[in-house]
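One structure is given below, encoded as structure tokens.
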Amino acid sequence: MSDELVIAGKSFTSRLLTGTGKHRSSEDLASSIAASGTEIITVAIGRLNLDDPNEKTLLDEIDWDKYQVLPNTAGSKTAEQAVWTARLAREVTGSDWIKLEVIPDPKYLLPDPVGTFEAAKTLIADGFTVLPYIHADPVLATRLEEVGCATVMPLGSPIGSGRGVLTTEEIQIIIEQSSVPVVVDAGLGVPSEASAMMELGADCVLVNTAIAQAEDPALMGEAFKLGVEAGRKAYLAGRIPEREAAIPSSPTEGVPMPAT
């Protein structure tokens, strides 16, 4: 049975998105991407040196025929900066896909909901396919879907923290209410956390630091791939309901019992 992820009309078989930041070497980046099975890779356009056309960047290391490159607006503190970065990304990559990040706070790196909403409206009107990074806020997620965002991307916990998912109840509501793909983004530390989100019904997860900073990034990339696949299969299979009392797994009737 086909079970493809569809974003803005484009189909993918992998439900794991990966980032390109914080890798210790280009070799680690390449090997972890390959091992993860990802098909969508985020790149922080604003942090690339685009002034020298002869200098190679991450964009030169990615096989554009194999992967969907998803530029992001990391480093943007305001809606205006994010819009400017998105337009630069479109000029550089030729793609109208953009992961929208508006993050004014340098300590906790939490997204600005008002700035994100305003930037999303502007970019959608400008023809972009917008994938916004947000707090796990069900109301904001609904508003962003209503203005035309292709996904919503609620955080599990602060970027790079590895604290796992501290917003499970809110993400459950977002999943319940959304008709666009829900991508759990930020804070995931281990594959079991990704699997748990997939079991809830999230459409995919985005992982960067947990893979990039692992002792063996390629092995961790593969581990996240398997965790996402297991969680998705568990969701599709349908879990048993939780009960307070035990229920025997073997027959209790028609079984001969010894005389007392």
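Has the range 39-53 got any residue that is out of contact with any Leu (no Cβ under 6 Å at 6 or more places or on another chain), of a type outside the set (Phe, Trp, Tyr) and at pLDDT 90 or above? Yes, some residue in the range 39-53 is out of contact with any Leu (no Cβ under 6 Å at 6 or more places or on another chain), of a type outside the set (Phe, Trp, Tyr) and at pLDDT 90 or above.
The residues of the range 68-96 that are closer than 15 Å to Met153 by Cα and touching a helix residue (DSSP H, G or I) at 6+ places or on another chain (Cβ under 9 Å), listed by number, are Pro71, Asn72, Thr73, Ala74.
Taking the stated definitions as given, is Val165 part of a loop (DSSP other than H, G, I, E, B) and either β-branched (Val, Ile, Thr) or touching a residue at least 40 places away in the same chain (Cβ under 8 Å) (or both)? Judged against the criteria, Val165 is a match. The sole residue among Ala125, Ala150, Ala141, Ala136 that is free of Cβ contacts under 8 Å to residues at least 24 places away in the same chain and among the small types (Gly, Ala, Ser) is Ala125.
In the range 104-117, is there at least one residue being under 23 Å from Lys225 (Cβ atoms), in contact with a helix residue (DSSP H, G or I) (Cβ under 7 Å, 6 or more places away or on another chain) and at pLDDT 95 or above? No, the range 104-117 has no match at all. Test Ala150 against the stated conditions and say whether it is farther than 28 Å from Ala35 by Cα and at pLDDT 95 or above. When the stated conditions are applied, Ala150 does not pass them. Inside the range 139-156, residues that are in a helix (DSSP H, G or I), touching a Ser or Thr at 6+ places or on another chain (Cβ under 9 Å) and not aliphatic (A, V, I, L, M) make up a count of 2. Looking at the range 192-204, is at least one residue assigned to a strand (DSSP E or B) and either at pLDDT 95 or above or closer than 25 Å to Ser11 by Cβ (or both)? Within the range 192-204, one or more residues are assigned to a strand (DSSP E or B) and either at pLDDT 95 or above or closer than 25 Å to Ser11 by Cβ (or both).
Hey, can you tell me all the residues within the range 123-149 that are under 20 Å from Trp84 (Cα atoms) and buried (at least 22 other Cβ atoms within 10 Å of the Cβ)?
Once the filter is applied, which keeps residues that are under 20 Å from Trp84 (Cα atoms) and buried (at least 22 other Cβ atoms within 10 Å of the Cβ), the range 123-149 yields Leu123, Phe128, Val130, Leu131, Pro132, Tyr133, Ile134, Leu144, Cys149.
Checked against (1) in a loop (DSSP other than H, G, I, E, B); (2) closer than 21 Å to Ile7 by Cα, Pro132 passes all but a single condition, namely (1). Close contacts from the range 28-42, counting a first residue that is within 11 Å of Leu16 (Cβ to Cβ) and a second that is of a type in the set (Lys, Arg) and part of a helix (DSSP H, G or I), with Cβ to Cβ under 8 Å and a gap of 6+ residues or different chains, come to Ala35/Lys225; Ser36/Lys225; Gly37/Lys225; Thr38/Lys225. Reported count of residues in the range 22-37, each being farther than 19 Å from Gly160 by Cα and not in a helix (DSSP H, G or I), is 1.
Let's see how each residue does on (1) loosely packed, with under 15 Cβ neighbours inside 10 Å; (2) out of contact with any strand residue (DSSP E or B) (no Cβ under 7 Å at 6 or more places or on another chain); (3) assigned to a loop (DSSP other than H, G, I, E, B):
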| position | (1), (2), (3) |
| --- | --- |
| Glu80 | yes, yes, no |
| Thr85 | no, yes, no |
| Ala89 | no, no, no |
| Ile98 | no, no, no |
| Lys107 | yes, yes, yes |
| Val114 | yes, yes, no |
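The values are calculated or read from the model by the stated rules, or taken from the named source; none is laboratory data. These numbers come from a predicted model, not from an experiment. Methodologically, a virtual Cβ is constructed for each residue, glycine included, from the backbone with ideal geometry; neighbour enumeration extends over all protein chains shown.
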